[in-house]
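Read through the structure below, which is laid out as structure tokens, and then see the notes.
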Amino acid sequence: VMFILWTVFTAFAALYAKSFLAKYPFPFTLTFACSLGGALTSALFLTKAGSIRGVPKLTAPLFSIVVVILTHFVGTSLTAVSTAFSTASFVNTLKASDPLFAVVGAKYILHQRFTNVTYISLIIIVCGIVVACTTEFELAFNGLWSVLVSTACFPFRALYTKKLINESSMQGQTVFFYISLWCAGLSLFPMWFEAQVGGTELFWSALNIHGDGFPILMKAVATYAGYNFISFFLVAEVQPLTYSVGNSVKRLVTIYGSILYFNNKVTMFNMAASAIAVGGVFLYSWDREQARKLEKERGSLPVS
């Protein structure tokens, strides 16, 4: 159920973000609004749950905290930048490659080992999602580099968030509260700069509550807060690689949702690519199940 809600919120967040940025090209404004909305959502949850009284405490190593904050800010802001320059399907196609970054991170940071079948399944998943969107590519250099950098950031955010939770008494929502506040704060200067470059009149019209851009912005904020709220529950409960594979399937749904929402033509070629990606997910799931059985038999964890 959580994965389904995560997928729905993510798809709508991408659609609303693209709709807003298509008319108002202010990606850091979108980043600021979404981050502030995410922080408020977490604060309400933590207060309601009795987890905080006032400001939550930072009890984790400083290095891990800084890495999570920076990867979250860079990843979130550059996702908005890439969405402003490229189509939603193009952005989510490239972001589907994040399991590969997750493997690199888990291998060299967490010192985990993987089977050849895991690598093959990841390649199949990524190839399937890339092929699914080849007919929709509108290559723009700014969109290309920004989405690649943002894609590299999120798996490392997931890895270090896991380390934060394991090494401290902090829970996922407390981490999200802090990094959202920092992300909103770090967005203020670039938001002011883009308002000067893009035009202050257009900038303020985007924030006018009686205008047509503000409702779309609020929908983007609400769906962003929703999928990140669920994200930080999932990252605390599942392995980083499993999280990234689920993220890839989520991307596939977002790609097709954007194609349908923006009236793009869907061909049998796209549907076949979708089947390839899903097949990769089944292969990964099978391999993980075999690894768990082997763990029970040997009484240790040879792969992760």
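Computed quantities for the displayed model
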item: Matching residues in the range 74-96 - criterion: being free of Cβ contacts under 8 Å to residues at least 60 places away in the same chain and within 13 Å of the chain's Cα centre (by Cα); result: LEU94
item: Verdict on PHE12 being open to solvent by less than 60 Å² (accessible area, probe 1.4 Å), farther than 16 Å from TYR178 by Cβ and modelled with pLDDT of 85 or more; result: no
item: Test: residue in the range 40-60 that is touching a Lys or Arg at 6+ places or on another chain (Cβ under 9 Å), more than 24 Å from TYR160 (Cβ to Cβ), part of a helix (DSSP H, G or I) and modelled with pLDDT of 85 or more; result: no
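The values are calculated or read from the model by the stated rules, or taken from the named source; none is laboratory data. Because the structure is predicted, anything quoted here is derived from the model rather than measured. Counting neighbours? That spans all protein chains shown, and the Cβs are built from the backbone with ideal geometry, glycine included. Heads up: the accessible areas ignore ligands, DNA and RNA and are worked out on the full protein's heavy atoms, side chains in. Shrake-Rupley method; radii C 1.70, N 1.55, O 1.52, S 1.80 Å.
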